[in-house]
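The values are calculated or read from the model by the stated rules, or taken from the named source; none is laboratory data. Since the model is a prediction, treat every value here as computed from it, not as a measurement. Glycine gets a Cβ as well: all are built from the backbone with ideal geometry, and neighbour counts include every protein chain shown. Just so you know, the surface numbers come from the protein's heavy atoms only, side chains and all, with ligands and any DNA or RNA stripped out. Shrake-Rupley method; radii C 1.70, N 1.55, O 1.52, S 1.80 Å.
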Amino acid sequence: MKKPVFLTGVLSALLSLTTFSCQMLQQFVETPSLSLKSIGIKGLDLEGITFNCNYDITNPYPIAFSIKEVAADILCSGKNFTKIATDQGVNVAASSTRTNALNFKITYNSIITLAQSIANNTVSLPFSLQGAAALDLSAIPAVPSSTLSLGFTKDFDVPVFKPEFSLSDVKVNLPSLDTLRTAFTNSGMNVLEAASLAASIVQGKNISPSDLQKINLDLDLNFNLNVKNAGKSPWSFLLSKCSLQTASGTLAGITPVGSTSINSESGTIPLKASLNTVQASSFIAQLLNKSGSNPVFSFDSGLSFPNLSYAPNIPLAYSREIPLSSIGVKKN
């Protein structure tokens, strides 16, 4: 029996609608994806290394969803080291890709301890980042589940090192008695006053900042920056800039005497701060009297690890007080 024409048309329309709906549903329930990028060193401080790993989450839906949590284990040689959890409630907009970052810190002491448990000559440790992003899909209709877990893993190497810094042989380079007397008389001081003040300085007696305010005299503060890598990873330390500061701000620039780089396990960089009594009479009086607020030495540097391609010239800043009581006087 032949079907009526109108019934054939209805069936064709229903079939087309069904096919269209299945195609739309198939497109609609496409799975979100996560792409984990490379891991690099974000920064260094005096406690440890902060690592950074960017990841992309792609939302194929025309409706936004949120991230319940991104959780991961940090493993070293297959053993659990620490855990991280981040990005709770972060929104991923409809039909878009969102880039977030996983940041985590590994302390130098833990790196050194782990390396010593393996072998004393270990230069890097094999770490792994393993975790998953839990997505909240409850706002998305017609998906198999209201939640979705996107797993990820990434291996990376950690250099075995621990930067250690110290200052030594901090001394004021004091001119000779004759040089002091000449500088004082050239600045307008009479001979007797000049001789008295010069003798007081050489003998280590207290002086007043006002005694130096009208005098044009250069003094050098010399000291050594001692740099050491407590680990075994090959490295390169480069001193970029340094300064001497007081509570009122930067007092003087510091000039390295010689090379500013260290490529061995340890080394020393001699430094010199040039001071002038016209600009720094109060501070010079504090140095000579060994009383008042301590100056602060600070520097910026860059560390590189030739056996790790992702770690070139990483910034590291350092600062510490120099106790006035520890500053000696070198008499010429």
message: What's the whole-number percent of alpha carbon pairs in the stretch 123-214 lying beyond 23 angstrom?
response: 64 percent
- request: Tell me which residues come under 5 Å, amide H to amide H, from L217 once H is placed; ignore anything under 5 positions away on its chain.
  value: T277, V278
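With Cβ to Cβ distances under 14 Å as the rule, what net charge do the other residues near I254 carry (K, R +1; D, E -1)? It would help to have the intermediate numbers written out before the result.
On the way: positive: K241, K272, R320; negative: D220, D300.
With Lys, Arg at +1 and Asp, Glu at -1, the net is +1.
For the stretch 211-328, which whole-number percentage of the solvent-accessible area (1.4 Å probe, protein heavy atoms only) is attributable to carbon and sulfur atoms?
Working: 2510 of 5280 Å².
Accessible surface attributable to carbon and sulfur in the stretch 211-328 totals 47 percent.
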query: Non-local amide H neighbours of L148 (under 5 Å, H modeled in plane, Pro and chain starts lacking H): which ones?
result: L135, L137
- line: For the chain, the charge dipole (Cβ of Lys, Arg +1; Cβ of Asp, Glu -1; about the Cα centre) points to a positive end, and the Cα of S128, F237, T82 closest to that extreme belongs to S128
3J(HN,Hα) from dihedral phi, the stretch 126-142, Karplus parametrisation 6.51/-1.76/1.60, rounded to Hz, x for glycine, proline: x, 10, 9, 9, 10, x, 7, 9, 8, 9, 9, 9, 5, 7, 9, x, 6
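Can you name the helices of the chain, as whole DSSP H runs, whose Cα span along the helix axis is 27 Å or more and whose Kyte-Doolittle mean is not below 0.5?
Numbers: long enough: 5-28 (34 Å, 1.27).
Within the chain the helices that satisfy the rule are 5-28.
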- line: For the chain, the per residue accessible area (1.4 Å probe, Å²) is 51 Å²
field: Where GluC sites (Glu not before Pro) in DSSP loops with at most 15 other Cβ within 10 Å are excluded, longest remaining stretch of the chain
entry: 48-264
query: So, by mean Cβ neighbours within 10 angstrom, what's the order for 256-263, 99-106 with the highest one leading?
result: 99-106, 256-263
statement: For the table K171/K228; K232/K331; K68/K154; K241/K330; K37/K241, the rows whose alpha-carbon distance is greater than 29 Å are K232/K331; K37/K241
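Give the whole-number value, in cubic angstrom per residue, of the convex hull volume spanned by the C-alpha atoms of the chain. Write down the numbers at each step before the final one.
Working: hull volume 67.7 nm³, N = 332.
In the chain, the Cα hull volume divided by residue count equals 204 Å³.
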task: List the extent of the Cα atoms of the stretch 165-246 along each of their three principal axes, largest first, rounded to whole Å.
output: 61, 23, 21
query: Over the stretch 182-332, how many percent of alpha carbon pairs lie in each 5 Å bin up to the one with the longest distance?
result: 2, 8, 16, 19, 15, 12, 9, 7, 5, 4, 2, 1, 0, 0
Hits among aspartates and glutamates - C-alpha to C-alpha of K105 under 15 Å, sequence gap 8 or more where chains match: D45, E47, D73, D157
- prompt: Between S240 and residues 5 or more places away or on another chain, which pairs have amide H atoms under 5 Å apart, with H built 1.01 Å from N, and which residues are they?
  reply: D300, S301, G302
query: If you find the alpha carbon centre of the stretch 70-110 and of the stretch 123-145, how far apart are they in angstrom?
result: 10 Å
statement: Applied in sequence order to the stretch 54-68, the curve 6.51 cos²θ - 1.76 cosθ + 1.60 (Karplus, θ = phi - 60°) yields integer Hz couplings, x standing for Gly and Pro, of 7, 9, 10, 10, 9, 9, x, 7, x, 10, 6, 9, 10, 9, 5
